[in-house]
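Data block below; observations after.
The values are calculated or read from the model by the stated rules, or taken from the named source; none is laboratory data. Please read all numbers here as calculations on a predicted model, not as lab measurements. Counting neighbours? That spans all protein chains shown, and the Cβs are built from the backbone with ideal geometry, glycine included.
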Amino acid sequence: MKTVDQLNIKIFADGADKAGMLDMYAKPFIKGLTTNPTLMNKAGIREYKPFALDILSEIKDKPISFEVFSVSTLKSRVN
């Protein structure tokens, strides 16, 4: 049986808890991270931009996807 490192796939961790995201970031088989407004809401995060900037200040060498929803294009660009 192959180990995780031998698989021909990229595994991304999905979450919005900072400690959990940093834990996943430290695992070499996790190739990137993702989050979205639903997960952030469940984690109690109300200020999206400060959360994103905080995570980006600590995770600099793996891709991170921050999903954004807005009812207006202008609001999305500002955020």
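When Ala52 is tested against (1) modelled with pLDDT of 95 or more; (2) within 10 Å of the chain's Cα centre (by Cα), only condition (1) is not met. Cβ-Cβ distances below 6 Å connect the following pairs, each with a first residue in segment 50-67 that is part of a loop (DSSP other than H, G, I, E, B) and of a type outside the set (Ser, Thr, Tyr), a second residue that is modelled with pLDDT of 95 or more and surrounded by 10 or more Cβ atoms within 10 Å (Cβ to Cβ), and a separation of six or more residues or different chains: Ile59/Tyr25; Lys62/Gly32; Pro63/Gly32.
Residue check: Gly44 meets all listed conditions (1) part of a helix (DSSP H, G or I); (2) modelled with pLDDT under 95 but one, namely (1).
For residues in segment 21-40 being without any contact (Cβ under 8 Å) to a residue 12 or more places away in the chain and either closer than 14 Å to Glu67 by Cα or surrounded by 14 or more Cβ atoms within 10 Å (Cβ to Cβ) (or both), which is nearest to the chain's Cα centre (by Cα)? That would be Met24.
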